[in-house]
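Following: one structure in structure tokens, then a few remarks.
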Amino acid sequence: MPRTYLLVLLLFISLNGFAQTPDSLLKPSPVKTISNTQYDALMKGRDQYKMSLVADLNGYPSAQKALKYKKELDLSPNQTAALTKINTELQRKKIEMGGFILKNEAKLDELFQSKKVNEGDILFYGNRSGLYHGELRNAILLASYNTYRLLAPAQINKLNSFKNDN
């Protein structure tokens, strides 16, 4: 009997080694300098770089979080409509910038791989990378700022008392 358990345990351990990691379940990244997880986040508009952290830590909530708790916050129809607009535009912008970031990184990779890169290319695409990341961060922070301005102080306090799940 113990021998059977040992065989089952060994079989389980060996099969577990073939299990897929979460990263392997994602669409493969065509850019070798960007992981599958990063690629997926950029394509789907997720804030993988925690660009909202300065707003979050200082009580400026996201529109997404405010909408999640709209009943608890007793949001008016006007507030709900405005927050939905902020959230929709931010998601659009995050996907747009994610695409630009991926294309820029792919171009850098292509230039280096072909051995046709020069100092001007490095400066141009390096600065452009910073521009895209900056524009993405600005969009995220402006959305938090505009959400803050839209809510009453009591709503902000209540929202900030909820677990930070964004």
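In the set (1) loosely packed, with under 12 Cβ neighbours inside 10 Å; (2) at pLDDT below 95, the condition left unmet by Asn160 is number (1).
Among the numbered criteria (1) in contact (Cβ under 8 Å) with a residue 12 or more places away in the chain; (2) within 16 Å of Arg149 (Cα to Cα); (3) of a type in the set (Ser, Thr, Tyr), which single criterion is violated by Ser76? Only one criterion in (1) in contact (Cβ under 8 Å) with a residue 12 or more places away in the chain; (2) within 16 Å of Arg149 (Cα to Cα); (3) of a type in the set (Ser, Thr, Tyr) is unmet by Ser76, namely (1).
Within the range 150-157, identify whether any single residue is in contact (Cβ under 8 Å) with a residue 24 or more places away in the chain, loosely packed, with under 15 Cβ neighbours inside 10 Å, out of contact with any Ser or Thr (no Cβ under 7 Å at 6 or more places or on another chain) and closer than 17 Å to Leu83 by Cα, and answer yes or no. No - not one qualifying residue is present in the range 150-157.
Of all the listed residues (Lys65, Lys115), the sole one being on the phi > 0 side of the Ramachandran plot and either in contact with a Leu (Cβ under 9 Å, 6 or more places away or on another chain) or part of a loop (DSSP other than H, G, I, E, B) (or both) is Lys115.
Just one of the listed residues (Lys93, Lys65) is under 17 Å from Asn138 (Cα atoms) and surrounded by 18 or more Cβ atoms within 10 Å (Cβ to Cβ), and it is Lys93. Being closer than 19 Å to Val54 by Cβ, in contact with a helix residue (DSSP H, G or I) (Cβ under 7 Å, 6 or more places away or on another chain) and either modelled with pLDDT of 95 or more or not in a helix (DSSP H, G or I) (or both) holds for only one residue in Ile101, Ile86, and it is Ile86.
Just to be sure before I move on: is Leu123 in contact (Cβ under 8 Å) with a residue 24 or more places away in the chain, over 13 Å from Ala143 (Cβ atoms) and part of a helix (DSSP H, G or I) in the structure I sent?
Spelling it out, it is not the case that Leu123 is in contact (Cβ under 8 Å) with a residue 24 or more places away in the chain, over 13 Å from Ala143 (Cβ atoms) and part of a helix (DSSP H, G or I).
Filter the range 68-83 for residues that are in a helix (DSSP H, G or I) and hydrophobic (A, V, I, L, M, F, W, C); which is surrounded by the most Cβ atoms within 10 Å (Cβ to Cβ)?
Going through the qualifying residues, I end up with Leu83.
The values are calculated or read from the model by the stated rules, or taken from the named source; none is laboratory data. In this text the structure is predicted, and so the values were computed from the model without any measurement. Positions of Cβ are generated from backbone atoms using ideal geometry, with glycine treated the same way; all protein chains shown enter the neighbour counts.
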